[in-house]
Amino acid sequence: MELYSGHINRLIEELAALPGIGSKSAQRLAFHLINMPQDRVNKLAAAIVDAKANVKNCKECYTLTDKEICPVCANQKRNHGLIMVVENTRDMTAYERTGKYEGVYHVLHGAISPMLGIGPNDIKLKELMHRLEGDIEEVIIATNSSLEGETTAMYISKLIKPTGVKVTRIASGVPVGGDLEYIDEVTLLRALEGRVEL
Ligand code: ZN
């Protein structure tokens, strides 16, 4: 016998498929949603559908944005010859929050992970190499200090070295395995300032 109605089960299943949500949380959220006023449920559903329909990758750095070119890439005051490579838009936001970085970014949308079957072709690496055909003075690799992040950093530096573009890696002031988005701004800046050439 099914414990809940089919509709509730379906909602629980969809919620449980989201990252960081276990089956207990999914049940709690499902019942919370069912008890919410209709207009709030509509607003939430519309926000999900709108975001999915309207958010795209910036044509230059591949961060998530509503525009063809994101505000950072569109800003002519930024140093477009300095590219910081990050794993995702959240990490880019973390560095933007420091307000001290003057270059632009390149968002990989992931990291190389042989364990998860994610290879160099599954992240925005070709796109990065394409950008290096322009006038680039330095690429700062700011992937996370996890195994995947380090693997990706090594791979990228080997790829870039022959082009003659300077490649640096942010300092290891960032704790091992730490996600950039959870690290405070002072630590992020220290990691950036202490970057070393690869
Ligand atoms: Zn951009």
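The values are calculated or read from the model by the stated rules, or taken from the named source; none is laboratory data. Model, not experiment: these values are computed from the prediction. We place every Cβ from the backbone using ideal geometry, glycine too, and count neighbours over all the protein chains shown. These accessible areas exclude ligands, DNA and RNA; they are computed on the full protein's heavy atoms, side chains included. Shrake-Rupley method; radii C 1.70, N 1.55, O 1.52, S 1.80 Å.
Of all residues in region 18-30, those being among the hydrophobic types (A, V, I, L, M, F, W, C) and modelled with pLDDT of 95 or more number 3. Using the structure shown, decide if Pro19 is surrounded by 12 or more Cβ atoms within 10 Å (Cβ to Cβ), over 28 Å from Leu189 (Cβ atoms) and out of contact with any strand residue (DSSP E or B) (no Cβ under 9 Å at 6 or more places or on another chain). Considered against the rule, which asks whether it is surrounded by 12 or more Cβ atoms within 10 Å (Cβ to Cβ), over 28 Å from Leu189 (Cβ atoms) and out of contact with any strand residue (DSSP E or B) (no Cβ under 9 Å at 6 or more places or on another chain), Pro19 comes out as no.
Scanning region 33-69 for residues that are within 8 Å of the ligand (Cβ to nearest atom), out of contact with any strand residue (DSSP E or B) (no Cβ under 8 Å at 6 or more places or on another chain) and open to solvent by less than 70 Å² (accessible area, probe 1.4 Å) turns up just one, Ile69.
For Tyr95, indicate whether it is touching a Lys or Arg at 6+ places or on another chain (Cβ under 9 Å) and of a type in the set (Ser, Thr, Tyr). Judged against the criteria, Tyr95 is not a match. In region 93-114, how many are open to solvent by 10 Å² or more (accessible area, probe 1.4 Å) and either of a type in the set (D, E, K, R) or within 15 Å of the ligand (Cβ to nearest atom) (or both)? Residues in region 93-114 being open to solvent by 10 Å² or more (accessible area, probe 1.4 Å) and either of a type in the set (D, E, K, R) or within 15 Å of the ligand (Cβ to nearest atom) (or both): 7 in total.
Kindly indicate the residue of region 70-87 that is more than 9 Å from the ligand (Cβ to nearest atom) and open to solvent by less than 30 Å² (accessible area, probe 1.4 Å) and also farthest from the chain's Cα centre (by Cα) among those meeting that condition.
That would be Gly81.
Does Lys124 count as open to solvent by 10 Å² or more (accessible area, probe 1.4 Å) and either at pLDDT 95 or above or hydroxyl-bearing (Ser, Thr, Tyr) (or both)? Spelling it out, Lys124 is indeed open to solvent by 10 Å² or more (accessible area, probe 1.4 Å) and either at pLDDT 95 or above or hydroxyl-bearing (Ser, Thr, Tyr) (or both).
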